[in-house]
Amino acid sequence: MSLSKLKASQSTQPEVDSAEAAQAIFKAALEAVEAGETQRFSEETVQKLMTAAVKLFAAKVEQEDRFFSPLLDPGKLVTPTDVVVTVSEILRAVNLNTFDLAMWFNRPRPPGEEEGSRDEGSS
């Protein structure tokens, strides 16, 4: 398909309300976890969600030159164990190690943003 045809087909598709879509997926995922029914979400579905979330978060941080918490209510909805399990597998998936992580973890933040500070506001 040519680029012009692709753009034309994309422009005719109805816009998705990203906030509504995110809320629906968020609710369904938490319900599945709480009910012990994670099989409701296939591995591919989880991979798509994780990939999109990682790409979007990294792009917002880089393009907007600001940091904000990637998690809602850290420490309550998502436990430290949840984070370590997820981060460990993401590092393995892209062939990184803890040394690589340490270099990025210590990168400078934009002026005025302290280490560990969180911008809790929404865009």
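For the reader, a short list of remarks on this structure follows.
- Contact map, the range 61-83: first residue charged (D, E, K, R), second residue modelled with pLDDT of 95 or more and in a strand (DSSP E or B), Cβ cut-off under 9 Å, separation 6 or more or different chains; the map is empty.
- All positions within the range 56-89 that are under 22 Å from Glu31 (Cα atoms), of a type in the set (D, E, K, R) and exposed (fewer than 12 other Cβ atoms within 10 Å of the Cβ): Asp73, Lys76
- Restricting Leu71, Leu91 to residues that are closer than 19 Å to Trp104 by Cβ and more than 14 Å from the chain's Cα centre (by Cα) narrows the list to Leu91.
- Filtered residues of the range 1-23 (kept if modelled with pLDDT of 70 or more and surrounded by 11 or more Cβ atoms within 10 Å (Cβ to Cβ)): Ala22, Gln23
- Single residue of the range 24-40 satisfying the filter (closer than 19 Å to Val83 by Cβ and touching a residue at least 12 places away in the same chain (Cβ under 8 Å)) that is surrounded by the most Cβ atoms within 10 Å (Cβ to Cβ): Ala29
- Within the range 27-68, the set of residues being over 15 Å from the mean Cα position of the chain (by Cα), over 18 Å from Ile90 (Cβ atoms) and assigned to a loop (DSSP other than H, G, I, E, B) comprises Ala35, Gly36, Glu37, Ser42, Asp65, Arg66.
The values are calculated or read from the model by the stated rules, or taken from the named source; none is laboratory data. Bear in mind the structure is a predicted one, so any value in this text is a computation, not a measurement. Reconstructed Cβ throughout: ideal geometry from the backbone, glycine too, with neighbour counts over all protein chains shown.
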